[in-house]
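Colleague: My questions all concern the structure below.
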């Protein structure tokens with residue numbers, strides 16, 4: 001089930017990538033919802049996805065700087 005949430009998150013992020021604010025909100029939800037190893041995978045995916053979208057690159061810092069306590 002968790003894997004499905006990761007895949008769903010990527011789909012949602014792709015669909016809202018036209019709007020930086022929506023993208024940030026969905027990214028924050030994803031960080032709160034996903035498992036720690038999935039967040040690491042999401043960072044790798046985000047680096048590739050945002051490589052040609054400079055307006056979304058600052059959002060990557062949102063994920064990289066998030067400290068999760070488990």
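Colleague: Using helices alone, I'd like the mean residue ellipticity at 222 nm for the chain: each DSSP H run of four-plus residues gives -39500 (n - 2.57), total over residue count, nearest 500.
Modeller: Taking each H run of at least 4 residues, the total per residue is -22500 deg cm²/dmol.
Colleague: A follow-up question, please. Please determine, in degrees from 0 to 90 and to the nearest 10, the orientation of helix 2-15 with respect to the longest principal axis defined by the Cα atoms of the chain, where the helix direction is its Cα long axis.
Modeller: So the helix axis and the longest Cα principal axis differ by about 10 degrees.
Colleague: Still on this structure, I have one more. Relative to the longest principal axis of the C-alpha atoms of the chain, give the angle of the C-alpha long axis of helix 20-33, reported between 0 and 90° and rounded to the nearest 10°.
Modeller: Once rounded, the angle reads 10 degrees.
Colleague: Arrange the peptides 59-65, 47-53 so that the one whose residues have, on average, the most other Cβ atoms within 10 Å appears first.
Modeller: Highest mean packing first, the order is 59-65, 47-53.
Colleague: Shifting gears a bit: Output the relative contact order of the chain, whole-number percent, from Cα pairs under 8 angstrom with separation of 6+ residues.
Modeller: 33 percent.
Colleague: Once the Cα atoms of helix 36-49 and of the chain are each reduced to a long axis, what angle between those two axes, in degrees from 0 to 90 to the nearest 10, is obtained?
Modeller: Orientation of helix 36-49: about 20 degrees from the principal axis.
Rule-based calculations on the coordinates, nothing more; no lab input. None of the values given here were measured: they were computed from a predicted structure. Glycine gets a Cβ as well: all are built from the backbone with ideal geometry, and neighbour counts include every protein chain shown.
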